[in-house]
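Scroll down for the structure; my scribbles are underneath it.
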Amino acid sequence: RKEVEQDPGPFNVPEGATVAFNCTYSNSASQSFFWYRQDCRKEPKLLMSVYSSGNEDGRFTAQLNRASQYISLLIRDSKLSDSATYLCVVNSQGGKLIFGQGTELSVKP
Amino acid sequence: DVKVTQSSRYLVKRTGEKVFLECVQDMDHENMFWYRQDPGLGLRLIYFSYDVKMKEKGDIPEGYSVSREKKERFSLILESASTNQTSMYLCASIQDRGVQPQHFGDGTRLSIL
């Protein structure tokens, strides 16, 4: 089983749609969680950290469920510019970050 | 703003060559990392370093070595390049492991012919 697993993609949605990505992790000792965004042929960039109480940044909402070892990212009112690959990232023991394979999002006009 | 700079965006080398990928960060970060990213496999950690002259193997160190002579520079070395090392290579740095997100360089797309 992979340490971090994400929803398979690609997700093709119309502009204005709400889309949710899910991610599960296997190491219950993990303490830090992040969502990164990666545009085609570019480096990953931090989108947002994920806190236990859940957190929101504009149209983006991240949730963490420690009991189920589950992380989610919700994007409301999708824009064309949201098209990218979204990476779920979890810190492992020793501080190494483990990356999910990523979920590709394509927002269409 | 943190700046992580990789020496080349695109590189083409031949099988058997010794290849050096350079990475420099300007924020005095303790920790530096080298990943490779391949379709369907995501980012995989090759090596990381938590201090000058210190290094630790990641998940896929075979065929690679690293060098950290100065705090700001972390080099990835392909001792004898092979075609299965064709990939996107990403360098990252961070001050405190396990707490903060990593900052990535632009990536080096390496092709081994």
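The values are calculated or read from the model by the stated rules, or taken from the named source; none is laboratory data. Owing to the predicted nature of the structure, the values given are computational and were not obtained by experimental measurement. So basically every Cβ, Gly included, is an ideal-geometry build from the backbone, and we count neighbours across all protein chains shown.
Among the residues in region A:48-65, are any farther than 29 Å from B:SER8 by Cα, surrounded by 18 or more Cβ atoms within 10 Å (Cβ to Cβ) and facing another protein chain (nearest Cβ under 8 Å)?
Scanning region A:48-65, I find no residue that is farther than 29 Å from B:SER8 by Cα, surrounded by 18 or more Cβ atoms within 10 Å (Cβ to Cβ) and facing another protein chain (nearest Cβ under 8 Å), so the answer is no.
When you look at B:ILE46, is it at pLDDT 95 or above and either within 14 Å of chain A (Cβ to nearest Cβ) or under 23 Å from A:SER30 (Cα atoms) (or both), yes or no?
Numbers: at pLDDT 95 or above: yes; either within 14 Å of chain A (Cβ to nearest Cβ) or under 23 Å from A:SER30 (Cα atoms) (or both): yes.
In short, yes.
Please determine, by comparing only the residues of region B:73-101 that are surrounded by 16 or more Cβ atoms within 10 Å (Cβ to Cβ) and over 13 Å from the mean Cα position of the chain (by Cα), which one is farthest from the other protein chains (Cβ to nearest Cβ).
If we take residues in region B:73-101 being surrounded by 16 or more Cβ atoms within 10 Å (Cβ to Cβ) and over 13 Å from the mean Cα position of the chain (by Cα), then B:ALA81 is farthest from the other protein chains (Cβ to nearest Cβ).
Restrict the check to region B:32-50 and report whether at least one residue is over 25 Å from A:GLN101 (Cβ atoms) and among the acidic types (Asp, Glu). Break it down into steps so the answer makes sense when it comes.
Initially, region B:32-50 is screened for residues over 25 Å from A:GLN101 (Cβ atoms), giving B:49-50.
Okay, now just the ones that are also among the acidic types (Asp, Glu), so none.
Within region B:32-50 (the criterion being over 25 Å from A:GLN101 (Cβ atoms) and among the acidic types (Asp, Glu)), the answer is no, since none of the residues qualifies.
What residue, of B:ARG109, B:ARG68, is within 14 Å of chain A (Cβ to nearest Cβ), surrounded by 15 or more Cβ atoms within 10 Å (Cβ to Cβ) and either out of contact with any Pro (no Cβ under 9 Å at 6 or more places or on another chain) or under 24 Å from A:SER49 (Cβ atoms) (or both)? If you could, list the steps in order and put the result at the bottom.
Details: B:ARG68 fails: within 14 Å of chain A (Cβ to nearest Cβ).
Exactly one residue qualifies, and that residue is B:ARG109.
So if I check each of A:ALA29, A:ALA17, which one is within 14 Å of chain B (Cβ to nearest Cβ), touching a residue at least 24 places away in the same chain (Cβ under 8 Å) and not in a strand (DSSP E or B)? Please lay out each step first, then the result.
On the way: A:ALA17 fails: within 14 Å of chain B (Cβ to nearest Cβ).
Of A:ALA29, A:ALA17, the one residue that is within 14 Å of chain B (Cβ to nearest Cβ), touching a residue at least 24 places away in the same chain (Cβ under 8 Å) and not in a strand (DSSP E or B) is A:ALA29.
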